[in-house]
Amino acid sequence: MQHVTTIAEWRGFAQGTRNVGRRVGLVPTMGALHAGHRSLVQRAIDDGAVPLLTIFVNPRQFNDAADLAAYPSEIAEDLDRCREWGVAAVATPSVAEMWPSYPAPTATTVHVAGVTENYEGAGRPGHFDGVASVVTKIFAITGVATAYFGEKDFQQLAMVRQLNEELSLGLDVVGCPIVRESSGLALSSRNVRLSPEARERALAISQAVAWAGVEPRAVHEIETQVTEMITHAGGDVAYANVVTNDTVAPFVGSGPARLLVAAIFDGVRLLDNGPVVVSGGN
Ligand code: AMP
């Protein structure tokens, strides 16, 4: 496995892969790797791509300095995991390598309107501009590739698809299903910050998402019941909304849709989502 830290080496690896007629399978992450990340790597391998995993905790997408400071960093363990998973190259650029002007802002920011307006976008000002800017940069460095993203960050995935298409960045974007613990809790690097007791109470989130997917219901019923289930478990619900699958806008009408949830347990913001079917009568 190659370990690269500069943009030049990273670009060289991707180009070298294409030069020998192989497809690059790009897996962008912020590290503290877990089975969710592994599923993206495995999907790249299954697709016959050469997995290139990036680890970069992008300071520009954190609107909360405490959240950035508390974000787990375990580079040595992550490199071991990548070796074990069959990753071909890991890129771990420093902040100075990616954003030489940081903490001063860059002149260029990528903003994707519409899809980023609500939900994570409303609750975390500047977050999606930071993600869109770093993803655009990661795509520009990597070049033509297939990029793997988790449905765990459903709104992010929709945004990445849109910016890739509208800016003709030329990657194939593949969405992968949410990987969960056997308890149902969606895997997240932030889960390590949950106390055992909060982790238990936080199961209300995945239970509510699973409940909502069982049978067709009205939007209002889904949103109120899910909020009630999580609040009852002691969670602070940031949002629990039924949205369209592609544009991530409030869902109107009936048919297949997505339930997006963000809730805070013990100061840790947790995301989850799942498919729902909306019956007639919003
Ligand atoms: P992160 O390191 O949290 O920025 O995540 C990097 C990528 O892994 C993103 O595309 C996430 O959506 C994806 N991911 C994170 N957690 C999971 C999970 N539990 N299941 C599937 N994909 C995930």
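Taking every C-alpha pair closer than 8 Å and separated by at least 6 residues, the mean separation divided by the residue count of the chain gives a relative contact order of 17 percent.
Between Ser183 and Asn245, the contour length at 0.36 nm per residue exceeds the alpha carbon distance by 19.7 nm.
If each DSSP helix of 4+ residues adds -39,500 (n - 2.57) and the sum is divided by the residues in the chain, what number results at 222 nm, nearest 500 deg cm²/dmol?
Values: 11 runs with 109 residues, N = 282.
About -11500 deg cm²/dmol.
A Gaussian network model of the chain, with springs between Cα atoms under 10 Å, assigns the largest mean-square fluctuation among Ala96, Ala240, Ala210 to Ala96. Just to be sure I understand: of the beta bridges DSSP finds with both ends in the chain, what percent are antiparallel, rounded to 5? The antiparallel proportion sits near 50 percent. Considering only Asp172, Asp266, Asp46, the Gaussian network model of the chain with Cα springs below 10 Å gives its largest mean-square fluctuation to Asp46. Segment Ala210..Ala65, full-extension length gain: 48.9 nm, with 0.36 nm per residue of separation and the alpha-carbon distance subtracted.
How far, in degrees from 0 to 90, does helix 35-46 lean away from the longest principal axis of the Cα atoms of the chain, to the nearest 10? The answer is roughly 60 degrees. A Gaussian network model of the chain, with springs between Cα atoms under 10 Å, assigns the largest mean-square fluctuation among Ala107, Ala186, Ala263 to Ala107. At full extension, Asp266 and Ile45 could sit 75.9 nm farther apart than now, given 0.36 nm per residue minus the alpha carbon distance. Counting heavy atoms of the protein chains alone, Thr109 has an accessible area of about 80 Å² for a 1.4 Å probe. Axis angle, to the nearest 10 degrees, between helix 127-142 and the longest C-alpha principal axis of the chain: 30 degrees.
Measuring with a 1.4 angstrom probe and ignoring ligands and nucleic acids, Phe139 comes out at about 10 Å² accessible.
Put the Cα centre of the range 86-136 next to the Cα centre of the range 171-201 and the gap is 22 Å. Solvent-accessible surface of the range 62-206, taken per residue with a 1.4 Å probe and all protein chains present: 44 Å². Taking the protein heavy atoms of the range 171-282 in the context of the full set of protein chains, the accessible area attributed to carbon and sulfur is 55 percent at 1.4 Å. Computed 3J(HN,Hα) for the range 108-118, one whole-Hz value per residue from the Karplus formula 6.51 cos²θ - 1.76 cosθ + 1.60 where θ = phi - 60°, is 9, 10, 9, 10, 9, 6, x, 4, 9, 5, 9, glycine and proline marked x. The residues neighbouring Ala208, those whose beta-carbon lies less than 10 Å from its own, together hold a net charge of -2 under the Lys/Arg +1, Asp/Glu -1 convention. Axis of helix 219-232 versus longest Cα principal axis of the chain: the two differ by about 80°, to the nearest ten degrees. Summing Lys and Arg as +1 and Asp and Glu as -1 over all other residues whose Cβ lies under 11 Å from the Cβ of Thr116 gives a net charge of -2.
The values are calculated or read from the model by the stated rules, or taken from the named source; none is laboratory data. The structure displayed is predicted, hence computed values, not measured ones. With ideal geometry, Cβ positions are generated from the backbone for all residues, glycine too; neighbour counts draw on all protein chains shown. The accessibility values were calculated without ligands, DNA or RNA, using every heavy atom of the protein model including side chains. Shrake-Rupley method; radii C 1.70, N 1.55, O 1.52, S 1.80 Å.
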